[in-house]
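Engineer: Quick one: the structure is below, and I'll ask about it shortly.
The values are calculated or read from the model by the stated rules, or taken from the named source; none is laboratory data. Bear in mind the structure is a predicted one, so any value in this text is a computation, not a measurement. Glycine also receives a Cβ, built like all others from the backbone with ideal geometry; neighbour counts cover every protein chain displayed.
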């Protein structure tokens, strides 16, 4: 459970980079997560060392981020949301149907646990340390990025694209890099997930998976890293109490989605900037 | 030749159902200016309401249909008042409304999942009739009815938008909200009407689709995707455009099977959407606006 918390945190903070800082309403984040998971799983099953699979998962997702940024660069708001949603859906359908590569709906079983210089992260505690380590590094890098001059340029692009262009910045490049970085970390999160569960199938990467992550970044507040941390902890742990009470999983699944969507609606209506947010979506 | 005709008929059936979804979507989008994902949720609720009334409570079929459509209208109205109106009150951007409606879609689908389970449901109202031979292609009487009825409904809506006072006011708000308010049209009232009419059409679409195929909790999302793809291809905010786009989508999807495995049918819709968003975001019949 705490491992999932770490994975959700990496996903949320990377989406925060795209949505909160760069102002790109990306509804295709789950696709990068899926791409990372599949890339890492396939490479590991082909016998590649874990650390290479892990890094390549990020790189492959990043390449897709770049490819997605090319056509969508000029789109804004609603249209960008639809296009990225479309991307996410296409990735899902391909994962489901390209049976030769992904084994379709049967999924890929037997993904090995990470081995790093002879050390096997087989039990949950070791894996937890690994996840938290990656989460911490991701947080550190993203914080560095957002407080750097590049981060300022990102926020400037979000607030006023034209003005940023007048100042001689290439907003095309800025937005593209933001999406690539965001995709990179989502790919890493996907890799962690694949090696933790050791089994992936397309049903882990449906559109509904997006709701918890969007809820996290909006509750925490857009463009706030501190808010993202707090919101991840609250939102991942809260629905877990349902499983403790002892409801069967056929109820817990939908009930969790209901809780997330209700929280999201409530926050959008009454506290649109979340707890630590600086900006609102436009 | 037989295959060609069969695919053509399949395209028409798909196009007719997509058109019904696209129209409701387009109506709400053109006046309220945000992407109402929750429209798919209303549809799936109406379909399950019909299932509940007819198959579980064993009510008369006609009565169940009427109640299901009324239920859809009520739900659409409720979403507008309880969520969208509150958001508009504080002048939320269309991106916020979009996320809210996405949350509503997931909320509605999860409720269905909780109440009825994930399994597919059928009505058993019309025994699967033997298909009619039609120049070598097979079509069931129900499917003929779906096509004719949707064309009738679309014609009715077209007439409503062109001739009635509310229809004209809706087009005025869609065109320029401020100017419409100046001449005394209450935009809130028009939003309400868009949701009521759009949801009623969604209710009818739910009945027709439910008769033709199985019900599943996730059907709302997939139909919504088809609906807005149809609406965007044809030109958002244009009723004839949405119809044209939906039939076009039906054609491309069904004829795409010639080149691609059938599992990719759903991806085709999005690829077309993608192409249109990039090169012609205003659609075939749409008017160019700032987007």
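Engineer: Would you be able to say whether some residue in segment A:76-97 is surrounded by fewer than 21 Cβ atoms within 10 Å (Cβ to Cβ), more than 14 Å from chain B (Cβ to nearest Cβ) and without any contact (Cβ under 8 Å) to a residue 60 or more places away in the chain?
Structural biologist: no
Engineer: Could you look through segment B:78-105, keep only residues that are touching a helix residue (DSSP H, G or I) at 6+ places or on another chain (Cβ under 9 Å) and in a loop (DSSP other than H, G, I, E, B), and pick out the one that is nearest to the other protein chains (Cβ to nearest Cβ)?
Structural biologist: Among them, the one singled out is B:93.
Engineer: Restricting to segment A:164-200, count the residues that are without any contact (Cβ under 8 Å) to a residue 40 or more places away in the chain, out of contact with any helix residue (DSSP H, G or I) (no Cβ under 7 Å at 6 or more places or on another chain) and more than 29 Å from residue A:5 (Cα to Cα).
Structural biologist: Summing the residues that are without any contact (Cβ under 8 Å) to a residue 40 or more places away in the chain, out of contact with any helix residue (DSSP H, G or I) (no Cβ under 7 Å at 6 or more places or on another chain) and more than 29 Å from residue A:5 (Cα to Cα) in segment A:164-200 gives 5.
Engineer: In addition: Determine which single condition residue B:34 fails, assuming it passes every other condition in (1) assigned to a helix (DSSP H, G or I); (2) surrounded by fewer than 24 Cβ atoms within 10 Å (Cβ to Cβ); (3) touching a helix residue (DSSP H, G or I) at 6+ places or on another chain (Cβ under 8 Å).
Structural biologist: (1)
Engineer: Of the numbered conditions (1) touching a strand residue (DSSP E or B) at 6+ places or on another chain (Cβ under 9 Å); (2) modelled with pLDDT under 90, residue A:206 satisfies every one except a single condition; which is it?
Structural biologist: Only one criterion in (1) touching a strand residue (DSSP E or B) at 6+ places or on another chain (Cβ under 9 Å); (2) modelled with pLDDT under 90 is unmet by residue A:206, namely (1).
Engineer: Hey, another quick one. Could you tell me whether any residue of segment B:263-271 is within 12 Å of another protein chain (Cβ to nearest Cβ) and closer than 22 Å to residue B:173 by Cα? Write out each step before concluding.
Structural biologist: Step one: list which residues in segment B:263-271 are within 12 Å of another protein chain (Cβ to nearest Cβ), which gives B:263-271.
Going one step further and asking which of them are closer than 22 Å to residue B:173 by Cα, we end up with none.
No, every residue in segment B:263-271 fails to be within 12 Å of another protein chain (Cβ to nearest Cβ) and closer than 22 Å to residue B:173 by Cα.
Engineer: Next question. Here are some residues: B:236, B:225, B:232, B:185. Which one is in a loop (DSSP other than H, G, I, E, B) and closer than 19 Å to residue A:78 by Cα? It would help to see each step written out before you state the result.
Structural biologist: Working: B:225 fails: in a loop (DSSP other than H, G, I, E, B); B:232 fails: in a loop (DSSP other than H, G, I, E, B); B:185 fails: closer than 19 Å to residue A:78 by Cα.
Only one candidate qualifies: B:236.
Engineer: Pick from A:200, A:216: which is at pLDDT 90 or above and more than 13 Å from the chain's Cα centre (by Cα)?
Structural biologist: One residue alone meets the criteria, A:200.
Engineer: Within the bounds of segment A:229-240, is there any residue that is within 10 Å of chain B (Cβ to nearest Cβ), within 25 Å of residue A:35 (Cα to Cα) and within 18 Å of the chain's Cα centre (by Cα)? Give the steps one after another, and end with the answer.
Structural biologist: Taking segment A:229-240 as the starting set, the residues that turn out to be within 10 Å of chain B (Cβ to nearest Cβ) are none.
The answer is no, given that none of the residues of segment A:229-240 is within 10 Å of chain B (Cβ to nearest Cβ), within 25 Å of residue A:35 (Cα to Cα) and within 18 Å of the chain's Cα centre (by Cα).
Engineer: In addition: Can you report the number of residues in segment A:241-282 which are within 7 Å of chain B (Cβ to nearest Cβ), surrounded by 21 or more Cβ atoms within 10 Å (Cβ to Cβ) and modelled with pLDDT of 80 or more?
Structural biologist: Residues meeting the conditions: 6.
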